[in-house]
1. Quick check on my filter: what residues within segment 130-151 are free of Cβ contacts under 8 Å to residues at least 12 places away in the same chain and assigned to a helix (DSSP H, G or I)?
2. Looking at residue 106, is it touching a residue at least 12 places away in the same chain (Cβ under 8 Å) and not β-branched (Val, Ile, Thr)?
3. Inside segment 133-144, can you point out the residues that are of a type outside the set (Ser, Thr, Tyr), surrounded by 10 or more Cβ atoms within 10 Å (Cβ to Cβ) and over 13 Å from the mean Cα position of the chain (by Cα)?
Amino acid sequence: MIRRAIILRPFIEQLVLKHRQQWEQDNRSKRTGNLRKSAREPRICLEENQFTVNNWVVLEHLAKLLGFYEDAVKTLEGDGQQRRRKRGWVGSYGNAREVIQGFEFLLEVLEDYKQLASEIPDAEHFRINVNLGWEKLNKYYSRLDETPIYYTALALHPAFRWGYFENEWKD
């Protein structure tokens, strides 16, 4: 929905402008040409309900951030190709070895967005939500220790072995 709003931004702004013009036309006095005092401005036309340039910038960053989450989730869900498994099971699955990499990828992305959020003007909500997202993701990442299958799957994969842990977890 955010991506759709960004795509439709010029049309949304045009819609608000046309709505305001129509409201002003309908509520002008025919004698004086001034707006009637009893006329109530519709909510869509109120300034506090309008998106500022900074709001659109925040939305663009949020859409990009959520795109990273979408990619990680789709990777962990599997490729969507139905395959016949043992015992007649049919399905498509993600790999357990990708869970750790997915968590680490998203934590790195959120670290980058923490720094970026401090540079965006009027982005207090964005900053707060990035920090809360990082805290929640880190909470679940730290709970991976309770299930060693994720580490085992990564260590047993021929492309990674122990080298992944040695390279990524140097400290």
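1. 132, 135, 136, 139, 142, 143, 145, 146, listed by residue number.
2. Details: touching a residue at least 12 places away in the same chain (Cβ under 8 Å): yes; not β-branched (Val, Ile, Thr): yes.
Yes, satisfied.
3. At the first step, the residues of segment 133-144 found to be of a type outside the set (Ser, Thr, Tyr) are 133-139, 143-144.
From what is left, the residues that are surrounded by 10 or more Cβ atoms within 10 Å (Cβ to Cβ) are 133-138, 144.
Residues satisfying the conditions are 135, 136, 137, 138, 144.
Readers should treat all values here as calculations from the given coordinates under stated rules, not as data from a laboratory. In this text the structure is predicted, and so the values were computed from the model without any measurement. Cβ atoms come from the backbone with ideal geometry, glycine included; neighbour counts cover every protein chain shown.
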